[in-house]
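Asker: Can you read through this structure? Questions will come right after.
The values are calculated or read from the model by the stated rules, or taken from the named source; none is laboratory data. The structure presented is a predicted model; accordingly, all values stated were derived computationally and were not measured. Because the Cβ atoms are built from the backbone with ideal geometry, glycine has one as well, and the counts that use them run over all protein chains shown. Heavy atoms of the whole protein, side chains included, go into the accessibility calculation; ligands, DNA and RNA do not. Shrake-Rupley method; radii C 1.70, N 1.55, O 1.52, S 1.80 Å.
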Amino acid sequence: MVLRHILAARSAQGEIFLFDETDNFVASFKNGAWCAKQLFRFSELDDNFRPIEEDSEILQLINEARRALSNSV
């Protein structure tokens, strides 16, 4: 399966950016916590982040982010 509708990227410091275009879900992982915002500028994403390409990892991260953010409401 190829999850082309989800952008998932990780920095060397372990920060994560997720965007699911099916429902415009955005999440960022920074300082050990998920946030429902884009915390990183596009220039940071281009320069400091690398795509996450493994579908199983992307699904795990998107599910983790959705759970964490739904519990924080």
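Asker: Accessible area per residue for the range 1-69 in Å², computed with a 1.4 Å probe and the full protein assembly in place, what is it?
Answerer: 65
Asker: How high is the FRET efficiency between A68 and D47 when r is their beta carbon distance and R₀ equals 35 Å, given to the nearest 0.05?
Answerer: For A68 and D47, the calculated efficiency is 0.85.
Asker: Evaluate the distance, in nm, between pseudo-label points positioned 7 Å from the Cα of E57 and of A12 along their respective Cα→Cβ axes.
Answerer: Taking the simple label geometry, E57 and A12 are separated by 1.6 nm.
Asker: Moving on. Using the Karplus curve 6.51 cos²θ - 1.76 cosθ + 1.60 with θ = phi - 60°, what ³J(HN,Hα) values do you get for each residue of the range 33-47, in whole Hz, with x for Gly and Pro?
Answerer: Running phi through 6.51 cos²θ - 1.76 cosθ + 1.60 with θ = phi - 60° gives 9, 7, 9, 8, 9, 8, 8, 10, 6, 4, 5, 5, 4, 5, 8 Hz.
Asker: Tell me, what is the FRET efficiency for K30 and H5 to the nearest 0.05, using R0 = 22 angstrom and their Cβ-Cβ distance as r?
Answerer: 0.40
Asker: For the range 6-23, in order, what is each residue's ³J(HN,Hα) by Karplus, 6.51 cos²θ - 1.76 cosθ + 1.60 with θ = phi - 60°, in whole Hz (x at glycine and Pro)?
Answerer: Karplus-based 3J(HN,Hα) across the range 6-23 equals 10, 9, 9, 9, 9, 8, 5, 7, x, 6, 9, 10, 10, 9, 10, 6, 5, 9 Hz.
Asker: Whole percent per 5 Å bin, from 0 to the bin with the longest distance: what is P(r) over all C-alpha pairs of the chain?
Answerer: In whole percents, the pair-distance histogram is 3, 17, 30, 28, 16, 5, 0.
Asker: How much of the accessible area of the chain, in percent, comes from carbon and sulfur atoms when a 1.4 Å probe is used?
Answerer: 48
Asker: Using +1 at the Cβ of each Lys and Arg and -1 at the Cβ of each Asp and Glu in the chain, identify which of G32, H5, S56 lies farthest towards the dipole's positive end.
Answerer: Positive-end residue among those listed: G32.
Asker: Dipole of the chain, Cα-centred, from +1 at each Lys and Arg C-beta and -1 at each Asp and Glu C-beta, to the nearest 20 debye?
Answerer: Charge dipole, the chain, about its Cα centre: 280 debye, nearest 20.
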